[in-house]
1. With each pseudo-label sitting 7 Å past Cα toward Cβ, what's the Ala73-Phe240 distance in nm, one decimal?
2. Assuming R0 = 45 Å, what is the FRET efficiency of Tyr232 and Thr111, from their Cβ-Cβ distance, to the nearest 0.05?
3. Give, in nm to one decimal, the length gained when the segment between Val86 and Ala319 is fully stretched (0.36 nm per residue of separation minus the Cα-Cα distance).
4. Would you work out if the chain is rounded, prolate or oblate? Take a ≥ b ≥ c from the square roots of the eigenvalues of the alpha-carbon gyration tensor; rounded if a/c is under 1.5, else prolate when a/b is larger than b/c, oblate otherwise.
5. Please give the charge dipole size of the chain, origin at the Cα centre, charges +1 on K and R Cβ atoms and -1 on D and E Cβ atoms. Round to the nearest 20 debye.
6. What distance in nm separates the two pseudo spin-label positions at Leu102 and Ala53, each 7 Å out from Cα along the beta-carbon direction?
7. Just from its helices, what would the mean residue ellipticity at 222 nm be for the chain, if runs of 4 or more DSSP H residues each count -39500 (n - 2.57) and the sum is divided by every residue, rounded to the nearest 500 deg cm²/dmol?
8. Leaving ligands and nucleic acids out of the surface, order Arg107, Arg276, Arg10 by accessible area at 1.4 Å, largest first.
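The values are calculated or read from the model by the stated rules, or taken from the named source; none is laboratory data. Treat the numbers as computed from the prediction; the structure is a model and nothing was measured. All Cβ positions, glycine included, derive from the backbone under ideal geometry; neighbour counts span all protein chains shown. Side chains are part of the model used for accessible areas, which takes the heavy atoms of the whole protein and leaves out ligands, DNA and RNA. Shrake-Rupley method; radii C 1.70, N 1.55, O 1.52, S 1.80 Å.
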Amino acid sequence: MKIFYSEVHRKHYPPFELFDGGKRMPYFENPERMDWILDALKKTDWADFVEPADFGLNPILEVHDKDYITFLASAWTEWLDSDPEVAAAPEKNAFLPATFALRRTPRVPSTLLGKAGYYIMDLSACIVEATYEAALASAYCALSAADSISSSSENHSYPAFALCRPPGHHAGKDYAAGYCFINNASVAANWLSSKGKVAILDIDYHAGNGTQDIFFERNDILTISIHGDPEYEYPHYIGFADETGAGIGVGFHHNFPLPAGTDEMQYLLILNKAARLIKEFAPKYLVISAGMDIFDGDPLGKFKITQNGFTEIGKRIAALGIPTVVVMEGGYANEALGTNTVNLLENFK
Ligand code: SP5
Ligand code: ZN
């Protein structure tokens, strides 16, 4: 199985994030997550690591607002230039706004902090020097994986795995959120959509608000997200069952919000419903937003999926028999990430 991975992510390591109540925490979405996954993959006999190709900015600008991407590209340098205290100790700093564009107006602010509050949704999408470069490399992993499953010389009986970091599914058309800056799965799905219909199934524990935002008015990309109910869980404002699309996109988005404590039995029943929707849609390609934070024991999740559960989820997705790109999203029980990832993937190969 081809695994698209770049080492560029390592320097994207904000020294903290802010939790509820302003609590300063070590950044959960850390580079060590990848080490656990890499170690486990290297122990298998089917992992074929490939560097991503450079796709330029066009496939990203088809999904994200240009001014947002321009903001991401220069935010850190501008922040550094604006504050001598940051410039004196950049490694102790992460760029975040303290004011947010609540129920935003169409007016984009002209100042750096104004823009930050407009383009960032929360206090876990911290920007440091390497953020933009890492986000680009991450998107290129997803695009390269998409390219590999759609090129005619390849054997499609197994998926390509985009081992993306930073993750992407919380990033919307014009905003960063929840450790995500560029929506890798959406960039890949949009790129594939020029060749046929695409379905995105998001199994990360958190609602795929960014993906929902990006494709809400489209009928050529079916989007489905299974997640902790926003009634109690981040991202709080989006991911409810009655959000089903708009305009020609009505009926092409499905949210499955689930209660805290959801176990494997309950989860697999919902996964079957999602699989049925995908079969009815009959896409040419499938993109999986694969978050491992549904694992029982994830510090940010409240579901009870066991390590065997990931095997079962992988089997059911593979049984759809659709050329698939699996895109890495969240998952913060670091020591279990390797096994969970291998378990999810190994029934495809
Ligand atoms: C990609 C991904 O999984 N992003 C998740 C971002 C979640 N940010 C949540 C911040 C709120 C933390 N509240 C945690 C309570 C833990 N007991
Ligand atoms: Zn998540």
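1. 3.8
2. Working: r = 35 Å, r/R0 = 0.78.
With a Förster radius of 45 Å, E is 0.80.
3. On the way: separation 233, 0.36 × 233 = 83.88 nm, distance 5.14 nm.
Stretched fully, the Val86-Ala319 segment lengthens by 78.7 nm.
4. Details: a/c = 1.42, a/b = 1.35, b/c = 1.05.
Rounded, since a/c falls under 1.5.
5. Details: 28 positive and 45 negative charges, 148 e Å.
Computed about the Cα centre, the dipole is about 720 debye.
6. Going by the 7 Å Cα→Cβ label model, 4.8 nm.
7. Details: 11 runs with 123 residues, N = 349.
Only helices count here, giving -10500 deg cm²/dmol.
8. On the way: Arg107 190, Arg276 140, Arg10 75 Å².
From most exposed to least exposed: Arg107, Arg276, Arg10.
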